[in-house]
Amino acid sequence: MPFVDQIIRYGSLSVVGLGKNTGKTECLNYVMRRLSEMRKVVAVTSIGIDGEGVDQVTFTPKPSIYLEKGMYFTTLSSFYTRKQFQAEICHVENAGTVLGKMVTARVLERGKMVLAGPSDTVSLQRWVSRIPERFPVDVCLVDGAISRLSSASPVVTRSMVLATGAAYSANVRTLVERTRFVYDTVRLPQAPSGLREKLEQVTKGIRIITDKGEITDPGVRSVLLPDQVRKVLETGGNRLYVPGVVGNALLKALGERKEAGETELYVRDFSRIFAEPRVFYSFLRKGGRILQLFTTHLLAICVNPLSPEGIRLKSEELVDKMQRVVEVPVYDIKKIRS
């Protein structure tokens, strides 16, 4: 079966949709079903809420999340009590929210479920690391955010699958270009381990990395002021760490510097990049480098040629054109026979 052996090897996977109705849930269901058929024990949760029958924004039908017998899942108690299948509660978190406490349970018979798991990166990391310690789980699956606006990063898992499709763009060329951009950000190189260890606890402001590898705080709380960033770099060198959002203003400011070709920008992970593709690529063409503290292994891209508005792209053409610009397998999940 495509890419499933790699999921087992890495032990954790995020399925991330690049927009609403791009086939993320179909892909997640496919992965869960195939892992179950291979007799692998799966634990699953979601960033935010997913599995509802109707989209709460567009009011269009959504595919349900189906859990297989023997799986473990984590969701809020308010959604757990609505289930219509048998399950055994295994753990309840002490802390609660307005929607209840986090419940982890084992599925005793196949059924559909609304998943509402940890909504921030720290809690999600804790879930991915603790579940295999508490239960006999082979693979942890995370139903990822529909956009990169989530406070929880998909990089908390060791591997990832991207779901994209006609709902993201009805034009094949545009869809391929937009997906290729996200692909390129996911595949940005990783920072050296020594720098990662020094920077991973920094979550606010910016930091300068000197030629000797020392970390200095210039006292700048925001990177939204390009002139301020330029002045900092003029006195501090050419390596900058930004743990927050990286937008057009910052990349333009770095790209306009005389030393643009010597500039290295360090980000926390790909989900922090909100710059437009033309600005992103312009900085790289000038010789600038962008490195991530945390990376994930992108295993595949799954395409959905249909959109809720009735748009139907040609599956074979979409897969072929997408495959030409990326170096990971591209699939239409509904066309996979095994």
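Identify, please: which residue in segment 96-123 is touching a residue at least 12 places away in the same chain (Cβ under 8 Å) and open to solvent by 70 Å² or more (accessible area, probe 1.4 Å) and is, among those, farthest from residue 152 (Cα to Cα)?
109
Of all residues in segment 240-286, how many are under 23 Å from the mean Cα position of the chain (by Cα) and among the hydroxyl-bearing types (Ser, Thr, Tyr)?
The number of residues fulfilling the criteria is 4.
Looking only at segment 209-232, which residues are modelled with pLDDT of 90 or more and surrounded by 15 or more Cβ atoms within 10 Å (Cβ to Cβ)?
209
Rundown of residues vs (1) part of a loop (DSSP other than H, G, I, E, B); (2) aliphatic (A, V, I, L, M); (3) at pLDDT 90 or above; (4) under 18 Å from residue 137 (Cα atoms), yes/no style:
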{"residue": "16", "(1), (2), (3), (4)": "no, yes, yes, no"}
{"residue": "20", "(1), (2), (3), (4)": "yes, no, no, no"}
{"residue": "32", "(1), (2), (3), (4)": "no, yes, yes, yes"}
{"residue": "46", "(1), (2), (3), (4)": "no, no, yes, yes"}
{"residue": "56", "(1), (2), (3), (4)": "yes, no, no, no"}
{"residue": "59", "(1), (2), (3), (4)": "yes, no, no, no"}
{"residue": "89", "(1), (2), (3), (4)": "no, yes, yes, yes"}
{"residue": "104", "(1), (2), (3), (4)": "no, no, yes, yes"}
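Residue 206 passes all but one of (1) hydrophobic (A, V, I, L, M, F, W, C); (2) in contact with a Pro (Cβ under 6 Å, 6 or more places away or on another chain); (3) outside the structural domain of residue 84 (by TED's automatic domain parsing); which number fails?
Among (1) hydrophobic (A, V, I, L, M, F, W, C); (2) in contact with a Pro (Cβ under 6 Å, 6 or more places away or on another chain); (3) outside the structural domain of residue 84 (by TED's automatic domain parsing), residue 206 violates only (2).
Quick test of your reading of the structure: residue 200 fulfils all but one of (1) closer than 15 Å to residue 269 by Cβ; (2) in the same structural domain as residue 313 (by TED's automatic domain parsing). Name the failing condition by number.
Answer for residue 200: the failing condition is (2).
Based on what the data block shows, is residue 309 farther than 30 Å from residue 230 by Cα and either touching a residue at least 40 places away in the same chain (Cβ under 8 Å) or open to solvent by 50 Å² or more (accessible area, probe 1.4 Å) (or both)?
Against the criterion (farther than 30 Å from residue 230 by Cα and either touching a residue at least 40 places away in the same chain (Cβ under 8 Å) or open to solvent by 50 Å² or more (accessible area, probe 1.4 Å) (or both)), residue 309 qualifies.
Looking only at residues that are among the hydrophobic types (A, V, I, L, M, F, W, C) and touching a Phe, Trp or Tyr at 6+ places or on another chain (Cβ under 8 Å) in segment 90-112, which one is farthest from residue 40 (Cα to Cα)?
The qualifying residue farthest from residue 40 (Cα to Cα) is 99.
Could you please let me know if residue 244 is exposed (fewer than 13 other Cβ atoms within 10 Å of the Cβ) and part of a loop (DSSP other than H, G, I, E, B)?
It is false that residue 244 is exposed (fewer than 13 other Cβ atoms within 10 Å of the Cβ) and part of a loop (DSSP other than H, G, I, E, B).
Could you go through segment 301-318 and let me know if any residue there is of a type in the set (Ser, Thr, Tyr) and part of a loop (DSSP other than H, G, I, E, B).
Checked segment 301-318: at least one residue is of a type in the set (Ser, Thr, Tyr) and part of a loop (DSSP other than H, G, I, E, B).
From the list 275, 253, 249, 300, which residue is surrounded by fewer than 18 Cβ atoms within 10 Å (Cβ to Cβ), touching a residue at least 12 places away in the same chain (Cβ under 8 Å) and of a type in the set (A, V, I, L, M)?
249
Based on this model, can you work out whether residue 204 counts as at pLDDT below 90, open to solvent by 20 Å² or more (accessible area, probe 1.4 Å) and either under 26 Å from residue 16 (Cβ atoms) or of a type in the set (Phe, Trp, Tyr) (or both)?
Yes, satisfied.
What is the number of the single condition among (1) more than 30 Å from residue 37 (Cβ to Cβ); (2) surrounded by 21 or more Cβ atoms within 10 Å (Cβ to Cβ); (3) in the same structural domain as residue 38 (by TED's automatic domain parsing) that residue 174 does not meet?
Of the numbered conditions (1) more than 30 Å from residue 37 (Cβ to Cβ); (2) surrounded by 21 or more Cβ atoms within 10 Å (Cβ to Cβ); (3) in the same structural domain as residue 38 (by TED's automatic domain parsing), the odd one out for residue 174 is (2).
The values are calculated or read from the model by the stated rules, or taken from the named source; none is laboratory data. Remember, it's a predicted structure, so these values are computed and weren't measured experimentally. Virtual Cβ from ideal backbone geometry, glycine too; neighbours counted across all protein chains shown. Ligands, DNA and RNA are stripped out before the accessible areas are found, and what is left, the full protein with its side chains, is counted by its heavy atoms. Shrake-Rupley method; radii C 1.70, N 1.55, O 1.52, S 1.80 Å.
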